[in-house]
1. Between GLU98 and LEU165, take the C-beta separation as r, use R0 = 35 Å, and let me know the FRET efficiency to the nearest 0.05.
2. Can you tell me the Rg and Dmax of segment 91-225, counting just the alpha carbons, in angstroms?
3. What whole-number volume per residue, in cubic angstrom, does the convex hull of the C-alpha atoms of the chain give?
4. Once you charge only the Cβ atoms, +1 for Lys and Arg and -1 for Asp and Glu, what is the size of the charge dipole of segment 153-218 about its Cα centre, to the nearest 20 debye?
5. Run the reach check for LYS80 against lysines, Cα to Cα strictly under 22 Å, same-chain hits fewer than 8 apart removed. What comes back?
Amino acid sequence: MRTGPAALGLALVAAAASTRGAEIQGAVLVLETSPGTPGAEKAGAPVRFALLKDGRVFVGGTSLLEAGQLEKEEASVLRKRAEDLTRLAGFSQTLSLEGDARRSVRLRLVEGRRFDLTVTGDLSKAPGALAPIASFLSELMSFHHPSLRPFGPASYALGVREATLAGGCRSWTFSVPLADALSGPNTVPATEAEGWPTGALPASVCAGDRRYVVTLRPLLPGEQP
């Protein structure tokens, strides 16, 4: 879809959206982004922004999370601004902007006027008609609130895939058998993640003559992997 000359370079893309975010208990607004750190693993990246029904808010980086509490009016304003995006000319569920297509942002409004928006490319390249979308996404990506404090997750989503990383490797120390971890999503307590890289920072594991990339994604309260 094009909105005229100002939208040159904007096109719909068929993007397969991940399902993460739907399993965050009580979530209203969820933002996910591709990590920008070299060598980062997207599968392990914490949620970039999440607003819950009770006003709790979570903000993530490459590996760490912060948690805060918004006033009812503050939370309502964010939700309404998200809903208003759907009324913009040129709004679509998938948008491709000029720039690196590997840079992606996914915004989900999971209650009320629901939508699932994926944008790829450089947000600064958004044409005028879609500038409010790019502005809102950029604001959430750098969201700050006085109540934000470091958040220590109680558990992590354990991700494993067979691949080789440069450098040495570790032994498998998790209570979940490696074969089970390879077959599907699993959760491990924070105590088992101590001493391991977390979030989008991967670790290398050796088992026999095979090597694996391991990620530990911090989980929000009530979130399922």
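1. 0.65
2. Radius of gyration, then largest Cα-Cα span, for segment 91-225: 18.8, 56 Å.
3. 126 Å³
4. Charge dipole, segment 153-218, about its Cα centre: 160 debye, nearest 20.
5. LYS53, LYS72
Throughout, read-outs are computed from the coordinates displayed, never taken from laboratory work. Treat the numbers as computed from the prediction; the structure is a model and nothing was measured. Cβ atoms come from the backbone with ideal geometry, glycine included; neighbour counts cover every protein chain shown.
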